[in-house]
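These notes concern the structure reproduced below.
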Amino acid sequence: MAGSMYDRMIRINCTSGTSTIWNVPEDLKPWIGGMGYGTKILSDEINPAIDALSSDNKVVLTVGPLTGTTAPMHAQSCIVTKSPLTGTILNSYAGGFVGAEIKYCGIDGVILEGASEEWKILLIDDDKVTFMSADPVMGMGTEETETWIKENLGQDYKTMSIGRAGEKVVRMAALFSETRTFGRGGLGAVFGSKKIKAAAFRGTCGTDLADVEEFTRLTAENMKIVKDSCDQEYNLVGMFSRYGTGAGMGLIQSRGALATRNSQYGTFDKSNEISGQYYEENFYTRSISCHGCPVHCGRIHKFSTNDGGKTWARGPEYETMYSLGSQLMNGDPDVLAEANRLTEVYGIDSLTIGVTISFALECAEKGLIEEDGLKLEFGNPESILGLLKKIGEREGIGDILAEGPERAAEKIGGGSGDFAMQVKNSGFAAWMPRRMVGTGLAFATSNRGACHKRAPIGAEITGQVDMLSYEGKAVMVKKNQDVVNAIFTLISCRFHEFMTPHEMYPAFIKAATGIEISLDEFYTLGERIWNLEKLFNLKAGLGREHDILPARCYNEPVKGEGSESSVLDYDRWQEMLTEYYTLRGWDYNGIPAREKLVELGIEEYIYER
Amino acid sequence: MQFRVDPEKCTECGRCTMACSLAKTGRIQPQESRISIVRCWPEVPEIKVCRFEDCPEHPCIEACPFDAIIIVDGKVMISDELCRGCKLCVPACPYKAITMNNKKAVKCDLCGGKPACVAECVTSALTYSGVK
């Protein structure tokens, strides 16, 4: 019986404007889908040392066995490419509806190759690809571009696009999909370098399931778990369901771990006014779901703009409440909503741009930069919105900042790198490494730069483990990374695993595809992918010296009540990093030993200096 | 028992469309669903599905030249046997609830009394219950 994977992808050559069907080879199938497919394909097909913005880079967009099915919380699609922001291999995700539609096109994904000379929109109808001129939408914001496509080419297309930042190859530009975001790592710049303004999918194929009866039973069981969680008052996902992802603001503030004023403070006195609960109570609010998701953590709000107008936007999400809120001393919910909307218009990762702006504001405060006609001050709406636009347009100081916080610090100098809150040029997520030691280790060792998706955040923020301790954190981080990489082969929403017993993953895979995999093998697959990514990054020139947090984390105690003047001990931290490498079967420099690669079955990818 | 639709409660997840197509075709293929959701951001969506008793005029019945649309146990239904595929009912429906499938007009038939969509709707935007 047919399973839920179509075993075929479309290769789209942007240079020649042609496409071909590529049948998935047998040796790819054990990588399940999603991030597994993307990582293996990119590792096999590109030289890690290439310039990420050259036509040699490829974009591997995939779905997984549960995409487009009734299994709850599997709306996301995955893109793997080389990141122009971090120089690493990148995996980036967006929810919404495009993932399911890709599956309904009767494919497991598409691979973009080469680069177009003219700006194009890609239309994918089942397995047929049409290149059309993007002239009518050039310069438009993402939501505007996608609305144009729907109104002019077909309301039933599910879309993704870049904004002006992507067109101008801003390194932190994101790829948007119907207001959901492939945020991290600069995918918008990669699309911009290939001159692909947008892609639209429309499928008629639906999806099969290897065992409909068993799949329906598993779905019902999983739905019950998710719904029960949503009904619990103090369940985190339940809070997301009621107030959006911004529901967690109170918790992180109470733990003195809300990065504030470019990560100088761990609390923000206006955190209540930019929380999910505040928006729910004071603004027009509609709950919005991703495809098939019972949690509906998405929020549409209407709000006022700084120039007195009225508009609406999706979000802000929790991470943005930090990056464009507390980190910038911005406690005005309307200004925050407008800044968030501008990231959607320009098409920019709200995390990295927030950190880049907070970095710039501190540089200005220290007299390292200035900008004609624009005051640069924390908490000033003009400064925040103005810098955001300048980065989106690569205008004035924005041209330097558009390179990302680490690269910008190299140009600005004056020791500014010490307070550029990034790892591998990717801005910090909301969590503070000085307050959450394991989360800091996850930021530093992430294969895609300061990433919170594979960090022991829940355990640390809830006090299940001592957040300031170094003990046992290397083990926790390794486990988190391997487990999350495994579930990202299914492209499960990160919140799915908070509630779902892991035994359900192999059961879902079998019912969907017929593939038998044990839970241990599933975890090992996650570890295999992690190692393959690490090998890519080593070959791209990144080593132990890049697995490091900015100096502020080791030199400056966190200020503010409740943050206990926490600071990391550099030597103790390095010991923890070595412990982590050892656990992984890597040497002091983070190079995987041959035996480890043999054990994982990826010896052919070995890195030797 | 009455089928009720409340767009205010809808979060647009589309579980109803998957459940419907699975019930009607044995496969997940939402374009074959007899219920569909049209996004109208930032406002509430349009839900295209038959309203049964909430549409008392039943203009589809009058539009059908072949008397293929009938009331069965108080519920408006399309007879697959009598339908000739003329499509005249499609524009007649104020809720855009009728679509064509294999040259026949189709719409929600409440799955014989246990609507698959209602079971999947977590926010009670769709309900099916006794109403006096």
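The table for this structure:
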read-out	value
Farthest toward positive dipole pole in the protein assembly as shown [+1 Lys/Arg, -1 Asp/Glu at C-beta], among B:28, A:312, B:74	B:74
Given charges at beta-carbon only (K, R positive; D, E negative), |dipole| of the protein assembly as shown in Debye	960
Helical segments meeting 24 Å axial Cα length and Kyte-Doolittle -1.0 threshold in chain A (DSSP H)	A:212-231, A:519-539
Candidates B:20, B:117, B:55: whichever shows maximal mean-square fluctuation once chain B is modelled as a Gaussian network with Cα springs under 10 Å	B:55
Dipole magnitude of the stretch B:3-122 about its Cα centre (Cβ charges: Lys, Arg +1; Asp, Glu -1), debye to nearest 20	460
Accessible surface, the stretch A:1-67, averaged per residue in Å² (probe 1.4 Å)	36
Within the stretch B:3-37: backbone nitrogen closer than 12 Å to the residue B:72 label point (7 Å, Cα to C-beta)	none
Average partner coverage of B:18-26, which counts Cβ from other chains inside 10 Å	3
Rounded FRET efficiency, nearest 0.05, which uses the C-beta distance separating residue A:399 from residue A:571 and R0 of 41 Å	0.60
Extension reserve of the residue A:50-residue A:153 stretch, reckoned as 0.36 nm per residue once the Cα distance is removed	33.5 nm
Accessible solvent surface per residue of the stretch A:555-609, calculated while the other protein chains remain in place, 1.4 angstrom probe, Å²	58
Of all accessible heavy-atom area on chain A, the percent that carbon and sulfur account for (1.4 Å)	47
Residue order for A:582, A:67 - accessible surface, 1.4 angstrom probe, largest first	A:582, A:67
Solvent accessible area, Å² - residue A:172, 1.4 Å probe, full protein context	0
Kirkwood-type radius of the stretch B:3-122, with distances r between different C-alpha atoms, in Å	14.7
Whole-Å distance, taken between Cα centres, linking the stretch A:394-470 and the stretch A:1-31	36
The stretch A:1-44: trypsin sites (Lys or Arg not before Pro) in DSSP loop, at most 10 other beta carbons within 10 Å	none
FRET efficiency for residue B:62 and residue B:123, using Cβ-Cβ distance with R0 set to 25 Å, rounded to 0.05	0.15
For a label point 7 Å along the Cα-to-beta-carbon line of residue B:90, residues of the stretch A:147-162 with backbone N under 16 Å	A:155-156
Where A:45, A:146, A:403 fall by accessible area, highest first, once all protein chains stay in place (1.4 Å)	A:45, A:403, A:146
Interface area, A with B, accessible, probe 1.4 Å, both sides summed, Å² nearest 100	2300
Separation of alpha-carbon centers, the stretch A:181-228 and the stretch B:27-47, rounded to whole Å	17
Cα gyration tensor, the stretch A:123-263 - rounded (a/c under 1.5), prolate or oblate	oblate
Distance cut-off 29 Å, percentage of C-alpha pairs in the stretch A:244-427 lying past it	19
Residue-count net charge about residue A:185 - beta-carbon cut-off 10 Å; Lys, Arg +1, Asp, Glu -1	+4
Prolate/oblate/rounded call for the stretch A:437-605, Cα gyration tensor, a/c under 1.5 rounded	oblate
Dimensionless Rg/Rh of chain A - Kirkwood Rh, Rg from C-alpha atoms	0.94
Zone residues, the stretch B:53-77, relative to residue B:8, backbone N less than 18 Å from point 7 Å out along Cα-to-Cβ	B:54
Tensor-based shape of the stretch A:508-571 (alpha-carbon gyration tensor, a/c under 1.5 rounded, otherwise prolate or oblate)	oblate
Virtual spin-label span in nm between residue A:306 and residue B:55, 7 Å along Cα→Cβ	4.8
0 to 90° range, to nearest 10: angle between helix B:15-25 axis and chain B longest Cα axis	40
Full-extension gain in nm, residue A:372 to residue A:539, via 0.36 nm per residue minus C-alpha separation	55.9 nm
Selected from A:31, A:83, A:142, residue furthest toward positive end of dipole (chain A; charges at beta carbon)	A:142
Distance between the stretch A:74-133 and the stretch B:75-132 - C-alpha centres, whole angstrom	35
Net charge, residue B:81 excluded, C-beta distance under 12 Å - Lys, Arg +1, Asp, Glu -1	0
Inter-site label distance for residue A:604 and residue A:334 at 7 Å from Cα along Cβ, in nm	6.1
Kirkwood hydrodynamic radius (C-alpha pairs) into Stokes-Einstein, the stretch A:8-202, 37 °C and 0.692 mPa s, D in µm²/s	203
Sum of side-chain charges, residue A:203 neighbourhood, beta-carbon under 15 Å (Lys, Arg +1; Asp, Glu -1)	-2
For residue B:5, solvent-accessible area (1.4 Å; no DNA, RNA or ligand), Å²	30
Protein-only accessible surface order, largest first, of B:95, A:318 at 1.4 Å	B:95, A:318
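The values are calculated or read from the model by the stated rules, or taken from the named source; none is laboratory data. Note that the structure is a prediction, hence the values are computed from the model and not measured. Heads up, the Cβs are rebuilt from the backbone with ideal geometry, glycines too, and the neighbour counts pull from every protein chain shown. The area values use the complete protein model at the heavy-atom level, side chains included, leaving out ligands, DNA and RNA. Shrake-Rupley method; radii C 1.70, N 1.55, O 1.52, S 1.80 Å.
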